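Here's a structure for you.
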């Protein structure tokens, strides 16, 4: 719905009231405060509300403009459900406890990250009970208490025991904890709805594999490469919600899902996208009362958003586009010695790869 129908445009209280007054006999007093005015004014107010309600009905009935639970209902008409939030989870014994030999950690015990001034500690629940070995250590896996991307953390981020445990001295995660995904956004659900509506299901074509992959929580985008290793082979390449390579747990979930929906004759390979690091180096002339750290963070945010928009859509990382991002930062008056991955040329990303931000080196002129 690009615009409202004419009968709903400019339907203000004044317009409706004046239109009704104009239809009265000319010999009646229609001035403000007159009997005619006072009788029609409440009706004009109610009709204005009715027009507003009609606008909202139209907004909710079309997929392109609806939102929230109304969009969920539209999706349900085609069997498309909003992807739920997923808790991040470690695998392969990623969390290590240190303490006295024989000390135990029960399943369900809570460990946490460090709280900061800007964010609370993130809580994780132990999945499998363990007993520390003679080497004074034991490993297990954990799952975030709250679902969502906030539970995705680097190695070493878990540092605290929630409550004292006899014989347990410390805890840390030896590997990153990944796979957490936020509840699917309206834009993402709407995009999947249109993909399904505009490309009807086939019998295992390229679009089917993309559709199936996108239905799995944690998938940001998917690319299908048929016949990549001969007849009957299909490769599905995945991005996570952050526009980077999908975590291993998401790849595993997609692979498992495809075994239930893909044709039996297909040999399907599911992999994360290969990340191509884009390094930035620049010398900047700063405005007064600004710092290199401030500018670096702004460059990182701008370039990261730009690269996320390119993923699986545009294979060219444009040198000039990144230069514009730098120039658009108000704290930067000018720049020089600007390099993207060591050069001053566009970078082409091959199919199945994704450009992600690497190091950002900012020097003050």
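The values are calculated or read from the model by the stated rules, or taken from the named source; none is laboratory data. Bear in mind that the values here come from a model prediction, so they are computed numbers and not experimental data. Every residue, glycine as well, gets a Cβ built from its backbone with ideal geometry; the counts of neighbours run over all protein chains shown.
For the stretch 298-345, which positions are in a loop (DSSP other than H, G, I, E, B) and farther than 28 Å from residue 210 by Cα? Steps first, answer last, please.
So in the stretch 298-345, the residues in a loop (DSSP other than H, G, I, E, B) come out as 311-315, 318, 328-331, 341-342, 344-345.
Listed by number, the residues that qualify are 328, 329, 330, 331, 341, 342, 344, 345.
Here is a yes/no grid of residues against (1) surrounded by 17 or more Cβ atoms within 10 Å (Cβ to Cβ); (2) more than 24 Å from residue 239 (Cα to Cα):
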| position | (1), (2) |
| --- | --- |
| 135 | no, yes |
| 138 | yes, yes |
| 143 | yes, no |
| 158 | yes, yes |
| 163 | no, yes |
| 169 | no, yes |
| 172 | no, yes |
| 212 | yes, no |
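Residue by residue, here is whether (1) modelled with pLDDT of 95 or more; (2) in contact with a helix residue (DSSP H, G or I) (Cβ under 8 Å, 6 or more places away or on another chain); (3) crowded, with 22+ Cβ neighbours inside 10 Å holds:
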position: 224; (1), (2), (3): yes, yes, no
position: 229; (1), (2), (3): no, no, no
position: 232; (1), (2), (3): no, no, no
position: 236; (1), (2), (3): yes, yes, yes
position: 243; (1), (2), (3): no, yes, no
position: 248; (1), (2), (3): no, no, no
position: 251; (1), (2), (3): yes, no, yes
position: 256; (1), (2), (3): yes, no, no
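Listed residues 326, 347; which is crowded, with 17+ Cβ neighbours inside 10 Å and either farther than 30 Å from residue 231 by Cα or in contact (Cβ under 8 Å) with a residue 24 or more places away in the chain (or both)? If you could, list the steps in order and put the result at the bottom.
On the way: 347 fails: crowded, with 17+ Cβ neighbours inside 10 Å.
Just one listed residue meets the conditions, 326.
With respect to residue 95, is the statement that it is touching a strand residue (DSSP E or B) at 6+ places or on another chain (Cβ under 7 Å) and either touching a residue at least 40 places away in the same chain (Cβ under 8 Å) or more than 16 Å from residue 160 (Cα to Cα) (or both) true?
Judged against the criteria, residue 95 is a match.
Among the candidates 234, 265, 251, 284, single out the residue that is more than 30 Å from residue 327 (Cα to Cα), in a strand (DSSP E or B) and either in the same structural domain as residue 352 (by the TED database) or without any contact (Cβ under 8 Å) to a residue 60 or more places away in the chain (or both). Step through it out loud before you land on a result.
Values: 265 fails: in a strand (DSSP E or B); 251 fails: in a strand (DSSP E or B); 284 fails: more than 30 Å from residue 327 (Cα to Cα).
Just one listed residue meets the conditions, 234.
When the stretch 156-179 is examined, which residues are found to be at pLDDT 95 or above, in a loop (DSSP other than H, G, I, E, B) and more than 14 Å from residue 105 (Cβ to Cβ)?
Within the stretch 156-179, 156, 157, 174 meet the criteria.
If you check residue 125 against the conditions, is it at pLDDT 95 or above, assigned to a loop (DSSP other than H, G, I, E, B) and either within 24 Å of residue 246 (Cβ to Cβ) or in the same structural domain as residue 252 (by the TED database) (or both)?
no
Next up: Can you report the number of residues in the stretch 174-191 which are within 30 Å of residue 62 (Cα to Cα) and buried (at least 18 other Cβ atoms within 10 Å of the Cβ)?
The first filter runs over the stretch 174-191 and keeps only residues within 30 Å of residue 62 (Cα to Cα), leaving 181-191.
Imposing the further condition that a residue be buried (at least 18 other Cβ atoms within 10 Å of the Cβ) reduces the set to 181, 184, 188-190.
Of the residues in the stretch 174-191, 5 are within 30 Å of residue 62 (Cα to Cα) and buried (at least 18 other Cβ atoms within 10 Å of the Cβ).
Per-residue answers, yes or no, for (1) within 30 Å of residue 133 (Cβ to Cβ); (2) at pLDDT 90 or above; (3) surrounded by fewer than 15 Cβ atoms within 10 Å (Cβ to Cβ):
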{"site": "14", "(1), (2), (3)": "no, no, yes"}
{"site": "43", "(1), (2), (3)": "no, yes, yes"}
{"site": "71", "(1), (2), (3)": "no, yes, no"}
{"site": "79", "(1), (2), (3)": "no, yes, yes"}
{"site": "82", "(1), (2), (3)": "no, yes, no"}
{"site": "87", "(1), (2), (3)": "yes, yes, no"}
{"site": "90", "(1), (2), (3)": "yes, yes, no"}
{"site": "97", "(1), (2), (3)": "yes, yes, no"}
{"site": "112", "(1), (2), (3)": "yes, yes, no"}
